[in-house]
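The values are calculated or read from the model by the stated rules, or taken from the named source; none is laboratory data. Everything numeric here is computed off the predicted structure, so don't read it as measured data. So basically every Cβ, Gly included, is an ideal-geometry build from the backbone, and we count neighbours across all protein chains shown. Just so you know, the surface numbers come from the protein's heavy atoms only, side chains and all, with ligands and any DNA or RNA stripped out. Shrake-Rupley method; radii C 1.70, N 1.55, O 1.52, S 1.80 Å.
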Amino acid sequence: MLGTTFLLVALGFCLTLHVAARYALGDVPIRNSLIGVVPAAIVFTLTLADRPLVAAPVAIAADLIAIRSVYGISYRWAALVTVVHFTVSFLLGLMLGNLLSLLETAPT
């Protein structure tokens with residue numbers, strides 16, 4: 001069950017990273033978005049280890065470094081992509097959380 005959950009989280013991070021990179025950098029190869037697994041693994045692992053407050057800053061720093069190295073851009077552009085990435089990820093997570101809460105209250 002944890003493996004499936006991690007794959008869904010990683011897929012979501014890869015998708016939102018590609019959206020953020022396309023927004024900030026224009027046309028980019030989709031295979032570069034596979035580095036979304038890096039922050040997903042950090043967030044997933046630290047959350048399971050009961051360290052959710054440490055997860056976000058560590059994942060953001062790792063995401064910044066990974067984006068800069070894979071896309072070959074400056075720290076300034078990498079910071080922009082990182083901010084957009086985590087904003088889109090947060091909004092997607094919030095939307096899915098609200099949708100699941102709404103579905104739990106549905107009559108059976």
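Across segment 71-108, the number of residues qualifying as open to solvent by 60 Å² or more (accessible area, probe 1.4 Å), under 19 Å from residue 34 (Cα atoms) and assigned to a helix (DSSP H, G or I) comes to 5. For residue 8, are the conditions met, namely being open to solvent by 50 Å² or more (accessible area, probe 1.4 Å) and either in contact with a Cys (Cβ under 7 Å, 6 or more places away or on another chain) or not hydroxyl-bearing (Ser, Thr, Tyr) (or both)? Answer is yes for this residue. A Cβ distance below 6 Å, combined with a sequence gap of six or more or placement on separate chains, defines the contacts here; from segment 27-44, residues that are open to solvent by 30 Å² or more (accessible area, probe 1.4 Å) reach no residue that is at pLDDT below 95 and not in a helix (DSSP H, G or I). In segment 68-84, the residues that are within 16 Å of residue 30 (Cα to Cα) form Cβ pairs under 7 Å with partners that are open to solvent by 80 Å² or more (accessible area, probe 1.4 Å), at six or more places apart or across chains, as follows: 68/75. For segment 48-107, filtered to residues that are of a type in the set (Ser, Thr, Tyr) and within 22 Å of residue 2 (Cα to Cα), the residue that is farthest from the chain's Cα centre (by Cα) is 101. Considering each residue of segment 48-65 in turn, none proves to be surrounded by 19 or more Cβ atoms within 10 Å (Cβ to Cβ), among the β-branched types (Val, Ile, Thr) and part of a helix (DSSP H, G or I).
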